[in-house]
Ligand code: HMG
Ligand code: MG
């Protein structure tokens with residue numbers, strides 16, 4: 001694609017807050033979603049319907065969806081790992097069907113490019129997870145929800161090291177084949193360099209069963225500071241959708257040592273003046289990043305955010 005429009009999926013309220021050591025109240029989570037929406041973000045991952053035994057931080061997602069401000073032109077996807085999570089979401093949608101704006105119109109399902117990570121994250125192999133996700137995807141779509149897919153550990157696995165990019169392609173194809181409209185490729189560890197990202201995408205996007213850039217998104221954790229360069233590498237290969245997290249919040253509870261996603265403020269700053277357009281008002285987002293960092297009593301991980309706030 002030569003489109004100049006870049007879509008940003010703000011994952012801070014989910015990927016960010018799922019990893020916080022302190023308990024974050026549903027009030028704060030909902031307030032974060034609301035503020036991100038007011039700062040112009042159009043796609044905001046609002047939480048997860050996962051097992052609270054596995055990720056207690058996401059337990060309040062129904063409350064968050066009910067109390068956050070929902071804008072008509074925005075989307076608020078939630079992660080769903082299995083039928084139980086989907087049924088919980090359906091029950092919530094049923095009990096709130098009188099609302100003007102539905103609580104959400106999109107779910108995200110997730111698997112991985114290695115069995116070891118898949119087991120650590122969802123207690124099953126890749127093959128089992130794909131089998132599990134087929135009915136989840138079917139039933140969600142039958143109810144009119146859009147389904148996005150995630151593949152974790154597309155470059156390096158915290159348990160088994162370098163990943164076979166052909167496996168990334170195979171798993172991504174399976175997710176698109178079951179009805180996901182897009183697959184977000186996760187450098188969960190955040191160890192990839194722009195050269196790794198290019199090599200990974202070249203494998204996924206060429207040869208037999210090549211996938212088009214229009215169905216791929218980049219989800220780059222920023223552990224080694226390569227988040228923005230990795231986005232630029234993927235942009236060069238035609239990707240136009242990227243996940244990012246306000247103030248660089250986040251990490252994955254099952255990827256020890258990995259830090260948050262590339263900061264939304266840093267991505268927007270880098271793309272400004274480049275001819276690309278993105279959603280979001282950078283100054284307003286920097287304020288949201290400063291606010292949530294203060295509330296969580298953690299360091300603001302966005303370089304651009306801090307620089308803007310210091311002015
Ligand atoms: P399991 O233990 O194999 O599940 O976990 P189970 O079916 O045996 O059920 C065990 C218990 O959990 C039962 O309760 C179920 O009812 C309950 P009990 O009878 O013992 O009281 N349960 C649930 N409760 C609420 N909601 C549910 C649910 N399912 C079962 N949906 C399971 C399997 C998949 C559920 C679990 O492993 C899980 O929830 N994993 C999610 C882990 C997670 O959220 N990870 C972070 C998100 S992914 C990520 O961050 C990566 C990403 O950012 C991309 C990247 O960076 O790479 C997306
Ligand atoms: Mg992630």
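The values are calculated or read from the model by the stated rules, or taken from the named source; none is laboratory data. A quick note: this is a predicted structure, and the numbers were derived from the prediction, not measured. Every residue, glycine as well, gets a Cβ built from its backbone with ideal geometry; the counts of neighbours run over all protein chains shown.
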Query - Search result, residues across region 49-78 that are within 16 Å of ligand 2 (Cβ to nearest atom), in a loop (DSSP other than H, G, I, E, B) and out of contact with any strand residue (DSSP E or B) (no Cβ under 7 Å at 6 or more places or on another chain) - result: 54
Requested in this report: May I ask you to verify whether residue 160 is away from ligand 1 (no atom under 14 Å from the Cβ), over 18 Å from residue 233 (Cβ atoms) and crowded, with 17+ Cβ neighbours inside 10 Å?
Outcome: no
Query raised in the report: Looking at region 93-109, which of the residues that are modelled with pLDDT of 95 or more, more than 28 Å from residue 187 (Cα to Cα) and surrounded by 13 or more Cβ atoms within 10 Å (Cβ to Cβ) is farthest from the chain's Cα centre (by Cα)?
Result: 96
**Report entry** Flag for residue 191 being without any contact (Cβ under 8 Å) to a residue 40 or more places away in the chain, assigned to a loop (DSSP other than H, G, I, E, B) and within 23 Å of residue 301 (Cα to Cα)
**Finding:** yes
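Here's the yes/no breakdown for (1) surrounded by fewer than 23 Cβ atoms within 10 Å (Cβ to Cβ); (2) modelled with pLDDT of 95 or more; (3) within 28 Å of residue 231 (Cβ to Cβ); (4) touching a helix residue (DSSP H, G or I) at 6+ places or on another chain (Cβ under 6 Å):
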site: 10; (1), (2), (3), (4): no, yes, yes, yes
site: 38; (1), (2), (3), (4): yes, yes, yes, no
site: 41; (1), (2), (3), (4): no, yes, yes, no
site: 68; (1), (2), (3), (4): no, yes, yes, yes
site: 74; (1), (2), (3), (4): yes, yes, yes, yes
site: 84; (1), (2), (3), (4): yes, yes, no, no
site: 88; (1), (2), (3), (4): yes, yes, no, no
site: 91; (1), (2), (3), (4): yes, yes, no, no
site: 111; (1), (2), (3), (4): no, yes, yes, yes
**Report entry** Tally, over region 40-67, of residues that are farther than 14 Å from residue 30 by Cβ and within 14 Å of the chain's Cα centre (by Cα)
**Finding:** 4
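Out of all the residues in region 21-44, is one or more within 16 Å of ligand 2 (Cβ to nearest atom) and more than 19 Å from residue 281 (Cα to Cα)?
Taking every residue of region 21-44 in turn, none turns out to be within 16 Å of ligand 2 (Cβ to nearest atom) and more than 19 Å from residue 281 (Cα to Cα).
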Query raised in the report: Would you call residue 153 in contact with a helix residue (DSSP H, G or I) (Cβ under 7 Å, 6 or more places away or on another chain), within 11 Å of ligand 1 (Cβ to nearest atom) and closer than 25 Å to residue 206 by Cβ?
Result: yes
Report summary line: Filtering region 132-182 down to residues that are out of contact with any strand residue (DSSP E or B) (no Cβ under 8 Å at 6 or more places or on another chain), assigned to a helix (DSSP H, G or I) and closer than 15 Å to residue 85 by Cα yields 132, 134, 135, 138, 139
Query raised in the report: Do you know which residues across region 263-283 are within 13 Å of residue 235 (Cβ to Cβ) and within 16 Å of ligand 1 (Cβ to nearest atom)?
Result: 267
Query raised in the report: Any residue in region 79-94 that is outside any helix (DSSP H, G or I), away from ligand 2 (no atom under 16 Å from the Cβ) and touching a residue at least 40 places away in the same chain (Cβ under 8 Å)?
Result: yes
